[in-house]
1. Which whole-number percentage describes the relative contact order of the stretch 383-473, with Cα contacts under 8 Å and a sequence gap of 6 or more?
2. Arranged by the count of other C-beta atoms within 10 angstrom, fewest first, what order do 442, 19 take?
3. Arrange the following residues from fewest to most other Cβ atoms within 10 Å of their Cβ: 65, 377, 150.
4. Tally Lys/Arg at +1 and Asp/Glu at -1 over every other residue whose Cβ is under 13 Å from the Cβ of residue 200; what's the total?
5. What residues qualify as long-range amide H neighbours of residue 258, i.e. H under 5 Å apart, gap of 5 or more or another chain, H built at 1.01 Å from N?
6. Taking R0 as 35 Å, what's the FRET efficiency between residue 439 and residue 469 from their Cβ-Cβ distance, rounded to 0.05?
7. Beyond 20 Å between alpha-carbons counts as too far, so tell me which of 118/138; 83/405; 162/208; 83/118 fall in that bin.
8. Using the 10 angstrom Cβ neighbour count as an exposure proxy, how do 56, 271 rank, fewest first?
Amino acid sequence: MKYISTRGHPQKQSFSQVLLSGLAEDGGLMLPETLPKITDAELTAWRALPYHALAHAVLSKFVATDDIDSATLAGLTKATYTKEVFDTDEITPLRSIDGYAPGMQIQALSNGPTLAFKDMAMQLLGRLFEFELGRQNKTLNILGATSGDTGSAAEYAMRGRKGVNVFMLSPAGRMSAFQRAQMYSLQDANIHNIAVEGVFDDCQDIVKAVSNDLEFKRKHNIGTVNSINWGRISAQIVYYVRGYLAATTSNSQKVSFAVPSGNFGNILAGHIAREMGVPIDTLVLATNENNVLAEFFNTGVYRPRPSKKTFETSSPSMDISKASNFERFVFHLFNGDAERIASMWREVDQGRSFDVSQTPEFKGLRERFGIVAGTSTHADRLTTIREVYEKTGSLIDTHTADAVKVARTLVKPGVPMIALETALPVKFAETVKLAVGFEPPLSDAQQAMMALPQHVTQITPSVERVKAIVAAG
Ligand SMILES: *Cc1c(COP(=O)(O)O)cnc(C)c1O
């Protein structure tokens, strides 16, 4: 199993190389040279597996045994996907919301330590990084910017891990009290929270400036764990397989998935699962008011927007107007034509759009890839959260509500529609209260977390200050 760049750079890489490197040398993203297949017999055998063993089976298709041996990979998945970390033995249990829309189910992906789906992949990534860095006898300084879920998922995955330090920038005073407590209460010596007096973009700009200082970057071995990380995508494929198996009893049945989308990381994993042969009928891509992806799938025009034109919404983890993983899907859409992708992304990287509406590939997209897209608004979220609660007793968060809303009219008789629960409602309590009239109650452990002392260094926006903090370790 080798990986190639979407923009045609001839150098091929192994899984463990792709794991630690960000972009390919030509600025493209890495993808498997050919997608592995899942046979009918494998799918049948996998029905009996616990989640961690299924994760091992799926990931084995993406990791050559002379890269990471099978027993090591099995040990890492077994240590990751436990009831202690994810709350249930099923890890991603399904629940029906039939009373809201017949055939609809929710797949819980948010019972990990930070109560959002990013834990599903990031928890494994923490162990993979520790293993790989240990083997290379290296230390990695992960530098990132967060407005919420990504930063906390990275910190909880990397805390206490050997060979990894995390320096996470967040906009001072702009995250919810819950999100602040989650990140800043961590006591681990390898976790460094830096609150920047500014907005998220100021944090992002500092990260870019530090990373563009190639000498500093090399000297301090700076890395990232952002959503283009292939290790994250591959770990996300597992829960699509699991969701399919849990909702069916025979491989002749199909299911559909509804996915709250921003950077196209989650649904990319669903797309790959479908290409590998998991019997998925439709992949429903749901956006909020930042509907760049819905516009593409409905018109063939991809028009990314600058961050100034990105709306702040009540499903904030989807407030993205340039989907970093989308290039990987378009590479498949155009049958691996790297030259074409390179020229399209030369436009995108200049802030321009592209229009493929008249190509046969776009015209055949829905039939070939099963992707259907729609948009949900603030008012839709409130109505959906309220109706799902009133009709089923189930409380969902704002991002999950976007998926449920868009998928509702797309359910086909006899095909379960599984909406992916990407966060728990307690993380977005204010909006949930607007919908149902009360805030989701905090558990005892969450209340205790809110009361813990917080560790954070507050700074004015300054590249030099951040470099000094990283250099001091
Ligand atoms: C990150 C995130 C998303 C968006 O996922 P992508 O992989 O960026 O499409 C949706 N909902 C929640 C709660 C998230 O944290």
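Every number in this text was worked out from the coordinates using simple rules, so none of it is lab data. From a predicted model like this one, the values you see are computed outputs, not experimental measurements. Cβ coordinates were reconstructed from backbone atoms using ideal geometry, including for glycine residues, and neighbour counts include every protein chain displayed.
1. Worked out over the stretch 383-473, it gives 23 percent.
2. Details: 442 14, 19 23.
Neighbour counts put them in this order, fewest first: 442, 19.
3. Taking fewest neighbouring Cβ atoms as first place, the list is 65, 377, 150.
4. Cβ neighbours under 13 Å give a net charge of -4.
5. Under 5 Å from the amide H of residue 258: 284, 418, 419, 420.
6. 0.50
7. Numbers: 118/138 25 Å; 83/405 30 Å; 162/208 25 Å; 83/118 17 Å.
Over 20 Å apart, Cα to Cα: 118/138; 83/405; 162/208.
8. Numbers: 56 22, 271 25.
In order of increasing Cβ crowding within 10 Å: 56, 271.
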